[in-house]
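A quick write-up on the structure given underneath.
FYI, it's all coordinate maths here, none of it is from the lab. The structure displayed is predicted, hence computed values, not measured ones. Cβ coordinates were reconstructed from backbone atoms using ideal geometry, including for glycine residues, and neighbour counts include every protein chain displayed.
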Amino acid sequence: MADPSLFAQVSDYYTGKLRAHGETAQGVDWKDEVSQALRFEQLVKLLPLEGDYLVLDYGCGYGALLDYLRDKGYGCRYLGLDVSPEMVAVAAKRHAADARAKFRQGVGIPAGVDYILCSGVFNVRLGRGDEEWQAYLMETLRAFAAAARRGFAFNLLTTYADKDKMRPDLHYADPCRLFDWAKREVSRHVALLHDYDLYEFTLIVRKILEG
Ligand SMILES: C[S@@+](CC[C@H](N)C(=O)[O-])C[C@H]1O[C@@H](n2cnc3c(N)ncnc32)[C@H](O)[C@@H]1O
């Protein structure tokens, strides 16, 4: 388990963004709504449009992914999880009328989840060293792999970003290394999406149930 002070630091950071910018893309530290939605567009490629499955939105912020899903016609059950209590309170209030959605504060992945989607959780490393952040990232991804019954998808900043645009406070990951990890250790069904116009990639890992 990662150092508890890391989660406290992450929570304070994003709570500060929410207080400064409210329920907006900037309030979860994105540049704008367009790039936020472009990320969602990649992640939801994992999901079937129909079906009574449960999606965990890990690091849900104010619940913008749920708006996106409902707007696109996904009727799935949804659980939003976030380390920041204020984010969760805002998200739950915004979506109070959605009977198939719930929000919960925390970092632990509950049992019984079909899919996990995760957008933007691993980008800002808050002064933590590369080694520590890398260990935290892999521990969390292994937990996704163990918990998600049908698959998971997440995004990361890419080491293929233009060098002059890279920032020392952010974590950049090697997409080839993570593709290799997922393919060798998790599932034969892995897609690497690195063709959308952000300095990022999305990895989609499907667990195809045998028999
Ligand atoms: C960049 S924001 C993105 C929010 C949302 N996914 C979106 O795209 O609108 C990252 C969110 O993840 C939450 N978060 C970061 N690390 C987390 C963790 N280990 N467990 C749960 N939530 C986390 C933060 O509090 C923040 O709300």
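When residue 82 is tested against (1) over 21 Å from residue 206 (Cα atoms); (2) surrounded by fewer than 21 Cβ atoms within 10 Å (Cβ to Cβ), exactly one condition is not met: (2).
Just one residue in the set 154, 103, 179, 144 is more than 16 Å from residue 43 (Cα to Cα), surrounded by 15 or more Cβ atoms within 10 Å (Cβ to Cβ) and of a type in the set (A, V, I, L, M, F, W, C); that residue is 103. Looking across the range 182-211 at every residue that is among the acidic types (Asp, Glu) and surrounded by fewer than 16 Cβ atoms within 10 Å (Cβ to Cβ), the one that is nearest to residue 145 (Cα to Cα) is identified as 185. Just to be sure, is residue 2 within 26 Å of residue 126 (Cα to Cα), of a type outside the set (Lys, Arg) and in contact with a helix residue (DSSP H, G or I) (Cβ under 9 Å, 6 or more places away or on another chain)? Answer is yes for this residue. Any residue at all in the range 116-129 that is out of contact with any helix residue (DSSP H, G or I) (no Cβ under 6 Å at 6 or more places or on another chain), among the β-branched types (Val, Ile, Thr) and in contact (Cβ under 8 Å) with a residue 40 or more places away in the chain? Yes, the range 116-129 contains at least one residue that is out of contact with any helix residue (DSSP H, G or I) (no Cβ under 6 Å at 6 or more places or on another chain), among the β-branched types (Val, Ile, Thr) and in contact (Cβ under 8 Å) with a residue 40 or more places away in the chain. When the residues of the range 92-108 are filtered to those that are of a type in the set (A, V, I, L, M) and farther than 22 Å from residue 144 by Cα, which remaining residue is nearest to the ligand (Cβ to nearest atom)? Result: 92.
Within the range 143-171, residues that are under 25 Å from residue 207 (Cβ atoms) sit with their Cβ atoms under 6 Å from residues that are part of a helix (DSSP H, G or I), at 6+ positions apart or across chains, in these pairs: 151/46; 152/144; 153/43; 153/46; 155/39; 158/175. The selection criterion, being assigned to a helix (DSSP H, G or I), surrounded by 17 or more Cβ atoms within 10 Å (Cβ to Cβ) and not aromatic (Phe, Trp, Tyr), holds for residue 137.
Have a look at 80, 73, 51 and point out the one that is in contact with a strand residue (DSSP E or B) (Cβ under 9 Å, 6 or more places away or on another chain) and over 19 Å from residue 124 (Cα atoms). It is 80.
Answer yes if at least one residue in the range 173-186 is under 18 Å from the mean Cα position of the chain (by Cα) and part of a strand (DSSP E or B), and no otherwise. Yes; the residues of the range 173-186 include at least one that is under 18 Å from the mean Cα position of the chain (by Cα) and part of a strand (DSSP E or B). Of the candidates 141, 47, 54, 81, the single residue that is under 20 Å from residue 156 (Cα atoms), among the aliphatic types (A, V, I, L, M) and either touching a Gly at 6+ places or on another chain (Cβ under 7 Å) or near the ligand (Cβ under 9 Å from one of its atoms) (or both) is 81. Condition check for residue 72 on (1) surrounded by fewer than 20 Cβ atoms within 10 Å (Cβ to Cβ); (2) under 25 Å from residue 178 (Cβ atoms): one failure, at (2).
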